[in-house]
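So the structure is just underneath, and the comments pick up after that.
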Amino acid sequence: MQLVKKAQTGGGSLQIVTNPRVTQTVKLVRLEKFLSLQPSVDKALENLKQ
């Protein structure tokens, strides 16, 4: 969470590449609102370009 806050403060974003099991766990604790979870490196890079 500290890295996410630092990235947002600097005007950037943090893309986190995960697998389905990790994504499910993050959603279980309701942190998906704060974290940008991506299923692949390609998708993460695509989101950074936007």
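Bear in mind that the values in this text are calculations on the coordinates, not laboratory data. These numbers come from a predicted model, not from an experiment. So basically every Cβ, Gly included, is an ideal-geometry build from the backbone, and we count neighbours across all protein chains shown.
Worth a mention:
- Largest-first principal axis extents of the Cα set of the chain (Å): 29, 24, 13
- A full extension of the chain between L31 and K49 corresponds to an added length of 4.1 nm, given 0.36 nm per residue minus the alpha carbon distance.
- Neighbour cut-off at most 12 other Cβ (10 Å), DSSP loop, trypsin sites (Lys or Arg not before Pro), the chain: R30, K33
- Relative contact order computed over the range 10-50 (Cα-Cα under 8 Å; 6+ residues apart), in percent: 53
- The length gained on full extension between L3 and T23, counted as 0.36 nm times the residue separation minus their Cα-Cα distance, comes to 5.4 nm.
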